[in-house]
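S.K.: Take a look at this one; I'll ask things after.
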Amino acid sequence: MTIAKLLQSATAANHLSDSSELDCELLLCFVLGVDPSYLKTWPERQVSDDHREQFDGLLQRRVGGEPVAYLIGSQGFWSLDLEVSPATLIPRPETELLVEVALELSLPEQASVLDLGTGTGAIALALAAERSYWKVCAVDLQQQAVDLAERNRQRYQLNNVTLFASDWFAAIPTQHFDLIVSNPPYIEANDPHLSQGDVRFEPASALVSGDDGLDDLRLVCSQSVDYLADGGWLVLEHGFDQGAAVRELLDRAGFVLVETRQDLNGCERITLGRHPL
Ligand SMILES: C[S@@+](CC[C@H](N)C(=O)[O-])C[C@H]1O[C@@H](n2cnc3c(N)ncnc32)[C@H](O)[C@@H]1O
């Protein structure tokens, strides 16, 4: 069967997601070891029986709900192609806004930066790739996530990043960072979305934060004050309906210039504040 026919029949026969066609293309690219442009350039090429069998196997797992990123083991984020694993969250496009906001801040040329709950290393590695003079420290509670982020760091030779395991600030030596960033877990424990779609396959440790989803944001907001230099910034990702709550947490912790930015869907997504000078 040709590439074009295989894709056509796979897309028609399976409702995988709202982006079934793209899902099928990504899975076939993975099996064939090619870029998406190959599928468009060579639609008449034959797919071998072996490759077709592998493709069908992945397709069935996708029908069962497994995220494409876990099936192919990687996900694009910012300028990077990151290895992913079920140890942590698959990086989301919304989180690129956090990177954008952090890069817009006026910071020392050799800024010291802390990424709390780094997961795949997405935020830390994107910032380190853009600012080679920054010194970025990144931590996660899960050792498997730290190991994964370390592999991603090595792949891009980002020698300005240090990764280690820590329960939030517990293992971080007392010092004053110019910037702290975090995309912590922020979903309510009984949110019905946790039993739907791709998130069913992601670990609760990366998603859930107490009854109101704010346990980790509360802790990060209150403790960051002790780890920020005067004039340093805290930039946080949160749920679309948590902007007001996070602004209040930052106000109460003594931050100034507190504001929230909206993502491309018009949802409040990133809130930042400055440690007073
Ligand atoms: C929403 S995920 C974000 C991952 C990554 N920063 C990103 O944006 O794709 C939250 C991360 O926080 C980590 N985490 C949860 N509790 C933590 C804790 N007590 N201390 C440090 N990291 C924690 C999880 O393991 C997970 O990797």
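Read-outs throughout are calculated quantities, based only on the coordinates presented, and are distinct from any laboratory measurement. On a predicted model such as this, the values are computed, not experimentally measured, just so you know. In this analysis, Cβ positions are derived from the backbone assuming ideal geometry, glycine residues included, and neighbour counts consider all displayed protein chains.
S.K.: How big is the range 3-64 on each of its three principal axes, counting only the C-alpha atoms and giving the largest first in Å?
M.R.: Computed over the Cα atoms, the extents are 28, 22, 17 Å.
S.K.: Using a Förster distance of 22 angstrom, determine the FRET efficiency expected from the C-beta separation of Asp56 and Arg200, and round it to 0.05.
M.R.: On the way: r = 22 Å, r/R0 = 1.01.
The calculated FRET efficiency here is 0.50.
S.K.: Then there is this: Compute the distance from the alpha-carbon center of the range 123-165 to that of the range 180-254, in whole Å.
M.R.: The range 123-165 and the range 180-254 have Cα centres spaced 21 Å from each other.
S.K.: Suppose R0 equals 25 Å; then what is the FRET efficiency for Ser106 and Cys267 from their Cβ-Cβ distance, rounded to the nearest 0.05?
M.R.: 0.45
S.K.: Where Rh is the Kirkwood radius over the Cα pairs of the chain, the temperature 37 °C and the viscosity 0.692 mPa s, what D in µm²/s does Stokes-Einstein return? Could you put the intermediate results ahead of the total?
M.R.: Values: Rh = 20.0 Å.
Rounded, D is 164 µm²/s.
S.K.: Dipole size in debye (nearest 20) for the chain around its Cα centre, Lys and Arg Cβ +1, Asp and Glu Cβ -1? Don't skip to the answer; put the middle values down first.
M.R.: Numbers: 19 positive and 42 negative charges, 105 e Å.
Taking the Cα centre of the chain as origin, the dipole is about 500 debye.
S.K.: Using a Förster distance of 25 angstrom, determine the FRET efficiency expected from the C-beta separation of Asn14 and Asp191, and round it to 0.05.
M.R.: According to the calculation, E is roughly 0.35.
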